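Here's the structure, in structure tokens; my notes come after.
The values are calculated or read from the model by the stated rules, or taken from the named source; none is laboratory data. Here the structure is a predicted model, which means the values were calculated and not measured. Don't worry about glycine lacking a Cβ; one is built from the backbone with ideal geometry, like all the others, and counts go over all protein chains shown.
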Amino acid sequence: MDSVEANGSSIDEAIESALKLLGATRDRVDIEILHNAVRGLFGIGSRKARVRATLRAPIDTEHPTLATAAPHEAAPETPAPMRAISADDQRAAECARDVLEEILRHMEVPAAINVRHADGAVLFELTGDSSGVLIGRRGQMLDALEYLLNRVAGRDEGSAPRIIVDSENYRARRRDALQELARRMGEQAKKKQKPVTLNPMSPRDRRIVHLILQEDSSLVTKSSGKGYFRKLIIIPAGMVKRRRDAAEHE
């Protein structure tokens with residue numbers, strides 16, 4: 001079952017019901033709101049909220065147990081092939097920009113949108129006095145805008161250019177900070193020969209940590225928890241081997 005429809009007294013309740021039917025977490029599905037809840041007058045004409053939930057491919061690969069964990073959780077990203085922006089790509093980017101302008105207008109956040117093309121991707125750089133609002137906590141607002149715009153541009157079909165949303169060079173600054181954190185916590189895990197658990201992160205941030213620590217064969221990384229934000233655990237590879245050996249002799 002890849003897609004289900006579910007009802008609820010609210011959109012959130014309908015989504016929760018759909019997730020239970022699919023046996024999936026929120027970050028594993030696309031949600032389409034079919035209609036919102038209507039109270040009606042004295043109960044007459046009321047109706048429940050209804051949504052359609054569809055399973056999609058996971059953003060990153062998770063290993064559920066230490067006993068079966070591979071040396072590293074995430075495989076290296078394959079760079080997108082270099083290609084020029086076609087006329088269709090240009091139209092998709094313009095459509096996405098129109099939607100972004102409308103979203104910012106409704107948010108009442110004044111911001112300029114600078115568009116750049118690089119390596120087959122379209123970068124929307126947002127500048128303005130409200131950059132903190134546009135970035136959000138741990139980049140959540142940028143991630144949400146980027147997700148919506150890629151859906152609008154038809155990214156799911158694989159033909160449209162990837163759209164990246166950034167503000168005040170946040171993406172690069174966040175990546176540098178996470179790479180430094182990963183190296184520092186990795187050294188701590190090796191020194192103490194104990195797992196080190198990082199605070200819950202988005203899939204995008206976890207991927208950065210996974211990839212930078214892939215360079216160190218003495219460490220294993222895995223995610224823990226459910227939902228969009230999960231903890232990331234850095235484990236000395238020797239501990240994983242000892243647990244595997246112990247499991248094989250049980």
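Kindly list the number of the only condition in (1) in contact with a Gly (Cβ under 7 Å, 6 or more places away or on another chain); (2) not assigned by TED's automatic domain parsing to the domain that holds C95 that fails for P161.
(2)
Looking at A112, A144, A118, which one is closer than 16 Å to R204 by Cα and either outside the structural domain of S202 (by TED's automatic domain parsing) or out of contact with any Cys (no Cβ under 8 Å at 6 or more places or on another chain) (or both)? Lay out the reasoning, then the answer.
Details: A112 fails: closer than 16 Å to R204 by Cα; A118 fails: closer than 16 Å to R204 by Cα.
After applying the criteria, what remains is A144.
Can you name every one of the helices (runs of 4 or more DSSP H) wholly within the range 75-168 that holds 3 or more residues which are at pLDDT 90 or above and buried (at least 17 other Cβ atoms within 10 Å of the Cβ)?
Hits in the range 75-168: 140-152.
Scanning for something surrounded by fewer than 16 Cβ atoms within 10 Å (Cβ to Cβ), at pLDDT 90 or above and under 22 Å from the mean Cα position of the chain (by Cα), does the range 184-205 turn up at least one residue?
yes
Limited to the range 217-239, what total is found for residues that are over 16 Å from K194 (Cα atoms), of a type outside the set (G, A, S) and out of contact with any strand residue (DSSP E or B) (no Cβ under 6 Å at 6 or more places or on another chain)?
Matching residues across the range 217-239 total 2.
What's the number of the only condition in (1) among the β-branched types (V, I, T); (2) at pLDDT below 90; (3) touching an Asp or Glu at 6+ places or on another chain (Cβ under 7 Å) that V240 fails to meet?
For V240, the exception is condition (3).
Are there any pairs, at least 6 apart or on different chains, whose C-beta atoms fall under 7 Å, with the first in the range 203-222 and assigned by TED's automatic domain parsing to the domain that holds L142 and the second assigned to a loop (DSSP other than H, G, I, E, B) and not aromatic (F, W, Y), and if so, which?
Pairs found: none.
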